[in-house]
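I have placed the structure first, in the form of C-alpha cells, so that the comments after it can refer back to it.
The values are calculated or read from the model by the stated rules, or taken from the named source; none is laboratory data. Quantities reported herein were computed from a predicted structural model and do not represent experimental measurements. We place every Cβ from the backbone using ideal geometry, glycine too, and count neighbours over all the protein chains shown. SASA here: full protein model, heavy atoms, side chains in, ligands and nucleic acids out. Shrake-Rupley method; radii C 1.70, N 1.55, O 1.52, S 1.80 Å.
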2 protein chains.
Amino acid sequence: MLQVIPLGGLGEIGLNSLVIACNGEMLLIDAGLMFPSDGMPGVDIIIPDFTHLKQNAAQLKGVLLTHGHEDHLGALPYLLSELSVPIPVYGTRFTLAMARHRLDELGVEADLREIEPREPFPVGSMFKVEASRVTHTVPDAVGFIVRTPEGTLIHTGDFKLDPDPIDGLRTDLERWGEAGDEGVVCLLSDSTNSELTEETGSERVVEQTFERLFRDATGRIVVALFSSNLHRVRHLLALAERLGRKVALQGRSMLRNVEMARQLGYLDVPDSLFVPLDTVPILPAQRVLVLTTGAQGEPRAGLSQLASGDGPLKVGPGDLVVLSSRPIPGNERGVGALIDQLHWRGARVAYAQIEPGVHVSGHASRPQQKRVLELVRPRHFIPVHGEGRHLHRHLATAREAGLEPAQCLLAQDGDIVGFEEGRGRFTGSVTSGRIFKDRFGGGMVTSDTLHERVRLSETGLVAAVVVIQRDTLKLVGGPQLSGQGLSVDEQVLLPRVAQEARTLFEELSVQLRGDDALVREELTRVVRRAFRLYTSKRPLVVPMVVRV
Amino acid sequence: MLQVIPLGGLGEIGLNSLVIACNGEMLLIDAGLMFPSDGMPGVDIIIPDFTHLKQNAAQLKGVLLTHGHEDHLGALPYLLSELSVPIPVYGTRFTLAMARHRLDELGVEADLREIEPREPFPVGSMFKVEASRVTHTVPDAVGFIVRTPEGTLIHTGDFKLDPDPIDGLRTDLERWGEAGDEGVVCLLSDSTNSELTEETGSERVVEQTFERLFRDATGRIVVALFSSNLHRVRHLLALAERLGRKVALQGRSMLRNVEMARQLGYLDVPDSLFVPLDTVPILPAQRVLVLTTGAQGEPRAGLSQLASGDGPLKVGPGDLVVLSSRPIPGNERGVGALIDQLHWRGARVAYAQIEPGVHVSGHASRPQQKRVLELVRPRHFIPVHGEGRHLHRHLATAREAGLEPAQCLLAQDGDIVGFEEGRGRFTGSVTSGRIFKDRFGGGMVTSDTLHERVRLSETGLVAAVVVIQRDTLKLVGGPQLSGQGLSVDEQVLLPRVAQEARTLFEELSVQLRGDDALVREELTRVVRRAFRLYTSKRPLVVPMVVRV
C-alpha cells in the first residue's frame, strides 16, 4: 500500500511538507514554513501541524530536502525538536548548509546526510531515492524520484526550465523521462506559476537587463534581491568586476549567504572585489554597486533603510536603484510605498512593473508544466505547491496534456491519497493545519487569540475594574475605566460612561457579588450598555474584580 | 495670481481634492475619500484634512465634481458639514445623484447644481468653468476647463480614451485641443495607469469576452463587478436579454445603482428582464444571470456570501463565476482566497489573471496620457491622481512628449503651485493630511491611537490593577493581572508573573504611592520586568490604580 499525504503546501504558497508512506514506513519531503499575512498580528512564522508525524515517529525513516528556501526547510528545527527519535535528513551540499544555519539558530541537533543528484540511496527498507537536479533561484536544488515496492513517484520540488542557466545546471528532464518510461505511479509537480501562460524566462534575460541598465548608470547602483538567489548574485558580481565597480553587501542574510556560497565554491570571485558598506559614502559614486535585501518592502531590511535615510548610507539624485523581484501577493502596497520613497529621494528606480527584465520567476509556467506532464506521462498526477486556484489550474493543464479525470487527484493538506493495483483514490485524512508561532520566543498563538487580537486592534479596549470587600460584599471601588486604542470621541466619553456604569453596577444584588465570574460578566454588560448610550462603536471590555 | 493647491490625491490613489485659487477666490475640484489599508485597524474611511478650506471658507465659491466615485465625492458630506457657509456643488446629472445619496446617508444638506458638458458657467467672479465629457467606468464623468483672468487650466478628472464606448460618449479631446490652441497655463492629468505601456482597451473587449464565456456556459452565471460600472451592467443586461437569461441583482449598492440608472434613463431595459434573487434557486440554472458585488474580495459583499455558502444562494459544479475586475493593490490576497473558495465549491471561475478580457481599466495608460499632453501642449503640467511612482512616471512621459523640466511640476498634497507671468513654481504650502474616521460613528482616530492599536494586536496586553488604601497608602489588593491576546505560553506564565510583580511592587516606597501617575509607571515597570524573566515578548501593560 502506497500513500501520499500532504501536510502543507496544497492550499497555500509555503508550508511545503509531504509524506510518502509505504508498507508501514514513511518519508517526508520538505518541512517548510510560511510567513504570516494580515489578520495574524504578532505571529512571526507559521509551521505545519506535525501531529501525524509525532504520532508515527517510529515509521518516519528520513526527511528529504528539495532546496534551501525557508518555505521548504524552515520548519525543520521545530519538527526535529518535537520528534522523540533522531531522523536522518538528506539534502545536497548547499541545501544542508542552509538547513544547518536554521538548526543552529534554534540550537537543534540533526543527522544531516549529503546527497548527490543521480546517486540513488536507500531510506528505510521501502524507499530507494534519487535526487534529480532542477533549476531554481537557489543553487543545488533538486526534485526526487522515489522508488518503492508499490511503484515510483516523482516529486519535482520547485523548478523552472531554463535552457541556459547561470550555473549551467539544467533541470534533469532526461532522468524524469527515463523514470516515465519505466512507469510512474504519481507525479507531484510545482503549481506556483500555473496561472501564467507565457514561458518563464531565462535568468539570462535579467543578466542582459542589468548589463543595459548598468552601462547607462553614472552614479551609485543599488540592487535589492533575495540573498539566496546566488545565481543572480553571481552574474551581478561578474558584471561589477567587468565595469570596474566595487561591491558592498548590505543585510545580514546577504553577507551570510554570499560568504557561504564562496566557501562552498558556488561563487568564485576575488576578495578585492568587495568593499565594506561603510566605505561606500567616500568612494566615487560611479565605482560602487550595493547588493542589498528588502526588495519585498520588509520594513527593517536594507532597502528600506536606504530609502528612509535612517542608515549611514542614503540614496539620492543620480543613483540607480533596482528592485530585482516581483512583489509576493500581499506585499504590493509595501513595495509600492518603498518605490515611492526612493523616487521622492530623487533616485532613478527600476522595478518589474516598468522594467520587466529585472526579474524572472524561479517556477515553470503553464506550457512548461505541460511539457513535464507530457514527458513523464504518469498514471496519476497531484498538483502541489500552490493555493487552491493554482492547483485547479494545474489540473486543467494536466487534462489538456491528455490525462483522464480519474488520473488527476486534487488533494489538499491532510488528505490521504492511496494507490492500490495501479489506482489512486482518496482513502481518508490525517490531522493537519497551521501552527502560529513566535520565532524565537517560541510561543504558540491559537486562532482564537488571533481573533481576539484583531478585534482588539479594530475597536480598542476598555479595562474595567471593581473592588469588592470580601466580608460585606460591599462595592468599595470602581467601576474604574481605562481605555486603550479608543477613538478621540470614545476617549472623551470615558468619564461619563464610568459614571453611568457605576449607577448600573450598584443595582447588582449583593448576593451575586460573591461570584467573580458573575461580577465580571455584569461589569462587561454595564460598561457596554453605558457605551451604547453615546456611540455605536463597541470597544472590547476587559473586566477585573479585586477583593480586599 | 493663480494657484493650484492639491489637498489629496497627489501621493495616493484616492482622497482626490484640489483647490484652484485666483485673486482671493477658490474653487475645489472633487472631495474624495480613501479606504484604509493594513495598519489602520478600525478605520472605516480616510478623508483629506480640509483645514485650509475651513480657514478660508469665505473665499470658496464652489465645489466641482468630476464623477460619481467615492474617491472623488465621498468626503463631500464631511466637508460641507464642517464649513460654516453653504457652498454650491456643481456636477452632471448622474454624478449629483450619487452625491445626493452620500449626503442623505449622513443627513447633510447641499446646494446641488446640475451642469452639462460644453455649457460654460461662472463660479464666483474669477472662474468660468466648462465641463468636458470623459469616458470612465461610471456614466456622466467629466473633466474641467477652468478659465481665469490669469489663464486657463485643464483638469482631466479620471479618464480613458475608448474609441467605441458603450454609451457612445467619447472623451472630448476636441475641446481640450481647442483650449490648448488658445493656450493652457497648466494641465492636471490622471496618473493612475502611468506605469502601463499597453493602451488601455475598449469596454468592447469585455463585451466580447462575456459573449464568448456566456455562450459556453450551461449552468448559472454569476458576474461580480463594481455596481457603479453601469456601462458594463448595460452590456451585461443586453447580453442576458439576447441569450434568454433572467437577471437577479445581489447587493444593496447593485440594486440602488441599477435603479438610479434606470430612473435617470441610463439603462433602458424592461422590468420583465429581472427576477428577485430568492427565486434563483428555483429557476433553471441555464436561464439565470446573477449580477453581484464584492469582486475585490470584500468579506461581507455578495460574492463572498455566494462563495462561503452563507446565504440562500450557493454556487457549485456547473456554474460559471466571473470576477470582472482587477484586484486593487492590497486586495490581492483576499481576492485570491475568494477565487480559491469558489474553485473548491466546484464552480468554473474566470478572472483577470487567466482571462484578461473580463476587465479593462477606466484609466488612460502611458501612450494615451502622452497623446493628451501632445494635444494640449500646456505651458505647465502637474500629474495628479496617483501614488509617488505614478506621478513620477507620468512626469517622465511629459518629458518624452517634449515638455522641458521647468514646465513639469511634481507637486504633492499641501503644496502651493503659483503661476505668475506665465511661470509656475512652488510658492509655499498649506495644512494637509489624512483624517481617519469611523464612517457612521463619526469618531476620529489619531495616528497615535492607530500605532497603539497595531501594537495591541501584535503583542496582546496585560491589564494590571493595584488597590491602595487612601489614608494609610497600604497596598490592599493586587497587582492583579488579566491578559488579552496573549500567546499560550504567556497566558500560562501569568500567575507567576503576578506573584513576581507583587514582590517587586511591595518594594515601592510608601510615600510614592500617593501619586497615581507614579504608581502606574511603577506598576508597568514591574509587570514588564517580571515578564522578561520568562520570555522575550513584551505585552503592552495597561496599569490601573484604585483607591479605597
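The three principal axes of the Cα atoms in the protein assembly as shown give end-to-end lengths of 92, 81, 76 Å, sorted in falling order. Computed on the Cα atoms alone, the convex hull of region A:1-160 gives a volume of 113 cubic angstrom per residue. With the simple model of a label 7 Å out from the Cα in the direction of the Cβ, A:D164 to B:L169 spans 5.4 nm.
Going by accessible surface with a 1.4 Å probe and the largest first, A:S37, A:S81 read A:S81, A:S37. For chain A, the longest principal axis of the Cα atoms and the long axis of helix A:366-376 meet at an angle of about 60 degrees.
Region B:388-424 and region B:170-242 have Cα centres spaced 28 Å apart. Accessible surface calculations at 1.4 Å, restricted to protein heavy atoms, place region A:460-547 at 46 Å² per residue.
Restricting region B:365-446 to GluC sites (Glu not before Pro) that sit in a DSSP loop and have at most 16 other Cβ atoms within 10 Å of their own Cβ leaves B:E421.
For B:N23, inter-copy separations between label points set 7 Å beyond Cα along the Cβ vector come to 9.8 nm, shortest first. Assuming charge only on the beta carbon of Lys and Arg (+1) and of Asp and Glu (-1), the dipole of the protein assembly as shown about its Cα centre is about 1220 debye to the nearest 20.
Near the amide H of A:V548, within less than 5 Å, lie the amide hydrogens of A:I468, A:Q469, A:R470, all on another chain or at least 5 residues away, with H placed in the peptide plane. Charging the Cβ of each Asp and Glu at -1 and of each Lys and Arg at +1, and nothing else, the dipole of region B:460-547 about its Cα centre rounds to 100 debye. The ellipsoid that matches the Cα gyration tensor of region A:460-547 has semi-axes, each √(5λ) in whole angstrom, of 23, 11, 10, with the longest given first.
The interface between chain A and chain B buries about 5800 Å² of solvent-accessible area in total (1.4 Å probe, ligands and nucleic acids excluded). Considering only A:G318, A:A248, A:V280, and ranking their Cα positions along the charge dipole of region A:209-330 that arises from unit charges at the beta-carbon of Lys, Arg, Asp and Glu, the one farthest toward the positive end is A:G318.
What accessible surface, in Å², does a 1.4 Å probe find on B:S228, ignoring ligands, DNA and RNA and rounding to the nearest 10? Here the residue's solvent-accessible area equals roughly 20 Å².
For region A:458-480, a decrease in accessible area of 10 Å² or greater in the assembled protein chains relative to the isolated chain, with a 1.4 Å probe, applies to A:E458, A:L461, A:A463, A:V465, A:V467, A:V476, A:G477, A:Q480. Within region B:519-548, the residues that become at least 30 Å² less accessible when every protein chain is included than when their own chain is isolated (1.4 Å probe; DNA, RNA and ligands ignored) are B:K537, B:V542, B:M544, B:V546, B:V548. Measuring with a 1.4 Å probe in the full set of protein chains, what accessible area per residue, in whole Å², belongs to region B:203-356? That works out to 42 Å² for each residue. The phi-based Karplus calculation (6.51 cos²θ - 1.76 cosθ + 1.60; θ = phi - 60°) puts the 3J(HN,Hα) values of region B:416-426 at 9, 9, x, 10, 9, 6, x, 10, x, 7, 6 Hz, whole numbers, x for Gly and Pro. Please name which of B:G74, B:N56, B:M40 has its Cα lying farthest along the dipole of region B:1-74 towards the positive end, using unit charges on Cβ (Lys, Arg +1; Asp, Glu -1) and the Cα centre as origin. Looking along the dipole axis, the top candidate is B:N56. In region B:385-404, the residues that give up 20 Å² or more of accessible area when the other protein chains are added, compared with the chain on its own (1.4 Å probe), are B:E387, B:G388, B:R389, B:H392, B:R393.
Expressed as a whole percentage, what fraction of the accessible surface of chain A belongs to carbon and sulfur atoms when a 1.4 Å probe is rolled over the protein heavy atoms? With neighbouring chains kept in place, the figure for chain A is 48 percent. Each other copy places its own label point for B:P88 at 8.8 nm from this one, sorted shortest first, where the point lies 7 Å along the Cα-to-beta carbon line.
Taken about its Cα centre, region B:181-258 carries a charge dipole of about 960 debye when Lys and Arg each add +1 at the Cβ and Asp and Glu each add -1 at the Cβ. Shown is the FRET efficiency for A:T197 and A:L518, computed with R0 = 56 Å from the Cβ-Cβ distance and rounded to the nearest 0.05: 0.30.
Comparing B:Q484, B:G418, B:C186 along the charge dipole axis of chain B, the residue lying farthest to the positive side is B:Q484, per the Cβ-charge model. 3J(HN,Hα) along region B:474-485, derived from phi through the Karplus expression 6.51 cos²θ - 1.76 cosθ + 1.60 where θ = phi - 60°, amounts to 6, 7, 9, x, x, x, 10, 10, 9, x, 9, x Hz, with x in place of Gly and Pro. Remark: label point of B:R532 defined 7 Å out from Cα along the Cα-Cβ vector; separations to the same position in other copies 4.4 nm, ascending.
Were the residues from B:S272 through B:I328 laid out at 0.36 nm apart, the gain over their Cα-Cα distance would be 16.7 nm.
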